[in-house]
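Participant: The structure that follows is given in the form of structure tokens.
What follows draws every value from the coordinates through simple rules; no lab data is involved. For clarity, every value in this text was computed on a predicted model and none was experimentally measured. Positions of Cβ are backbone-derived with ideal geometry, glycine not excepted, and every protein chain shown enters the neighbour counts.
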Amino acid sequence: MDWIEGYFQNLESYPVKSNVAPKDIYNTIPASPPQESESLDDILKDVNEKIIPGITHWQHPNFFAYFPANTSFPSILGEMLTATLGAQCMIWDTSPAAAELEERMMEWLRDSMGLPNNWEGCIQDTASTASLVAILTAREKATDFKSNEEGVPNNLRVYCSTQTHSSIEKGVCISGIGRKNMVKIPVDDDMRMIPERLEAQIKEDIQNGLKPCCVVTAMGTTGTVAIDDLKVIGPVCAKYDVWLHVDAAYAGSALMLAEYQWMAEGMEYADSFVFNPHKWLFTNFDCTAYYVKDVDILLKTFEVLPEYLKTKTRGQVNDYRDWGVPLGRRFRALKLWFVLRSFGIKGIRKRMRHHIALNDWFANQIEESADFELVTTAVLNFTCFRYRPPAIKDEVILNQLNQKLLDQLNTSGKAFLSHTKVNNIYALRMVIGQTYVEQRHIEMVLEELRKIASGLDI
């Protein structure tokens, strides 16, 4: 406990991003385990001297890369209790409180976010796993549940946009549907899937004897946080009886806010939905909320009942090992309970709006700058931008300059940003989602960006 407290007190003194070379940490660890017990003091000393130098500090308030994997003090305490209890929560009988708290937490989130009240949910480890579960369930529905028995036919088709997260491609591969049957639909100027192109592709596939199986839409793409239009895509899926999965891994948390409920217009057409409380809801990794419209289809896809798991309560309770891939399950609902109760829904909304306000300020500073520009419209707590001095018109040179800028900023240890490419433009991504981030941290990043940019060789 003292070490944890000290870590957060000293967090801002660490470089955000580790700059060790490959094998630097490995070579400090003895080749063989100790034969005798060692003291906790010695172990913690080695944590400080050997592990911390190789840590990229995801909870640092100057961490603005990727998407956050933020935590909070209540979440940490809940995780500690989970580790102490050490419960294996595969079925209701193995820990009734774990199953029933999870059921209630999924209802709390669902209702607080304005999701359809007939949906049921469970906690998965990551959105990658949840999306795999959706693809597998869609596969079984499309084949009348024959794939699990007879193998996967080679004519199933899965559709997503060119901006969809790579986990969807991995899920298509693992499911046996195959990469060749994953169709990437073009996007518009706002990086959103074009519904007309989706419907045209579905029609063409049906004419060619193929079977549309699943459409994956994004509520917040990885590169630019683009929001696909559910209210237009949904009716297309309903028309052709295709499973509609909504990947809202990051941006889904914003459904907590009334002013962002527009993102969920058309959600009544969705068959499954995933978002990560461990990204922007102050609950430490891993904690993914996965919802389905028809839980019976989910159970029929994953249910396997060996003798040793047969119980008298079956059918009266949720045995969550039937809701996904793993048999073993952690008690993840406990830390979520701690967070929702400690912050309160109003407290969570206040902090999220604070992050959005900080991003609005940052985006305005970029927009008003003579040497920087927005690459896409700022959305939520995300800004996509680049360095663009007026004297330089060559896009190749601009890309090189922005890569140098990012490398120098990240190497400095003062902040950590990541990048994307938008229509071949090398762009910097700024995501303001750390639990305890303040205005001063954003001002520092902006100052560093300007300082490094002014010293770049053009």
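Participant: Take the alpha-carbon centre of the range 99-164, take the same for the range 184-262, and report the distance between them in whole Å.
Facilitator: Using only Cα atoms, the two centres lie 15 Å from each other.
Participant: A further question follows. If I model a spin label as a point 7 Å beyond the Cα along the Cα-Cβ vector, how far apart are those points for Ala97 and Tyr66 in nm?
Facilitator: Output for this residue pair reads 3.2 nm.
Participant: Just subtract the alpha-carbon distance of Glu169 and Asp144 from 0.36 nm times their residue separation and send over the number in nm, one decimal.
Facilitator: Residue separation times 0.36 nm, minus the Cα-Cα distance, leaves 6.7 nm.
Participant: Which percent of the Cα-Cα distances in the chain go past 44 Å? It would help to have the intermediate numbers written out before the result.
Facilitator: Working: 17464 of 104653 pairs.
Distances greater than 44 Å cover 17 percent of the Cα pairs.
Participant: Got a sec? How would Lys180, Lys293 order by Cβ neighbour count within 10 Å, fewest to most?
Facilitator: Fewest to most other Cβ atoms nearby, the residues stand as Lys180, Lys293.
Participant: Using 20 Å as the cut-off for backbone N distance, which residues of the range 386-423 belong to the label zone defined by a point 7 Å from the Cα of Thr56 along Cα→Cβ?
Facilitator: Zone members listed by number: 386, 402-422.
Participant: Sticking with this structure for a sec: Percentage of Cα-Cα pair distances in the range 264-308 greater than 17 Å, rounded to whole percent?
Facilitator: On the way: 540 of 990 pairs.
Across the range 264-308, Cα pairs with separations above 17 Å total 55 percent.
Participant: Checking the table Lys231/Lys350; Lys180/Lys203; Lys279/Lys300; Lys239/Lys421; Lys414/Lys451; Lys146/Lys180 against a 24 Å threshold on Cα-Cα, which pairs fail?
Facilitator: Lys231/Lys350; Lys279/Lys300; Lys239/Lys421
Participant: Starting from the Cα-Cα distance between Ser32 and Arg349, subtract it from 0.36 nm times their residue separation and give me the gain in nm to one decimal. Before the final figure, lay out each step's value.
Facilitator: Details: separation 317, 0.36 × 317 = 114.12 nm, distance 4.93 nm.
Using 0.36 nm per residue and subtracting the Cα-Cα distance, I get 109.2 nm.
Participant: Give the long-range amide H neighbours of Leu244: residues separated by 5 or more places, or on another chain, with amide H under 5 Å away, using H modelled in the peptide plane at 1.01 Å from N.
Facilitator: Val215, Asp271, Ser272
Participant: Peptides 244-254, 65-75, 166-176: what's the order by average Cβ count within 10 Å, highest mean first?
Facilitator: 244-254, 65-75, 166-176
Participant: Between Ile4 and Val47, what length comes free when the chain is fully extended (0.36 nm per residue of separation minus the Cα-Cα distance, one decimal in nm)?
Facilitator: Full-extension gain reported as 14.3 nm.
Participant: Once you order the gyration tensor axes a ≥ b ≥ c over the Cα atoms, which shape class does the range 87-330 get: rounded for a/c under 1.5, otherwise prolate or oblate by comparing a/b with b/c?
Facilitator: oblate
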